[in-house]
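Report on the structure given below.
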Amino acid sequence: VLTDIDGTITTTDVTGFIGGKIGVDVHPPNVVEFFDKVSSHGYIVVYLTARPMAFDGWTREYIFGTLQNSGGGYSLPVSSLFMSPITSEAAITAHPETMKTRTLRSLLDLFELKHDIVVGAYGNKNTDTMAYLGAGIRGKNVFLINEDSEMINVETGDKTSYQEQVQHI
């Protein structure tokens, strides 16, 4: 299961990036429970972000520190984190879908059945969707999260939420 961070695990891109650093609660309801339960059901969660490597410490502290035991005893699973290999300055003008697509293709090339490895891919921007689909992930497994934390399946257009997804893992 793949997930973006800013705007997906956090409520918005900027608030998530800065708010988590200063201790503000910036994650949508049920997101931590959802990924905790995904992991406890045997799925591997992979974090994928366009954040540059310069923010590796901040990002890891937020995901694997701040969001541990946050509400109901749920924690985001400790797992792989793929970040942009570019500098902070280059990240301002970079195309996140290009970086994410390359990273995903490299990862999926490790498996013979590339299209069936990812059972869920979550993001909040069209660039996330483009990266997931561009890497060969099936549209039925890709979800776009809007600012109200509603999820839209990119293939069917069906709406769901983290809460509903928790019930169907």
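A short reminder: the numbers here are calculations on the coordinates, not readings from a lab. This one's a predicted model, so the numbers in the text were calculated from it and none came from an experiment. Cβ sites come from the backbone with ideal geometry, for glycine too, and all protein chains shown count toward neighbours.
Overview of values
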| read-out | value |
| --- | --- |
| Local electrostatic count at Glu150 - Lys and Arg +1, Asp and Glu -1, tallied over other residues with Cβ under 12 Å | -3 |
| Cα-projected label distance for Asn126 with Gln167, points at 7 Å along beta-carbon direction, nm | 3.2 nm |
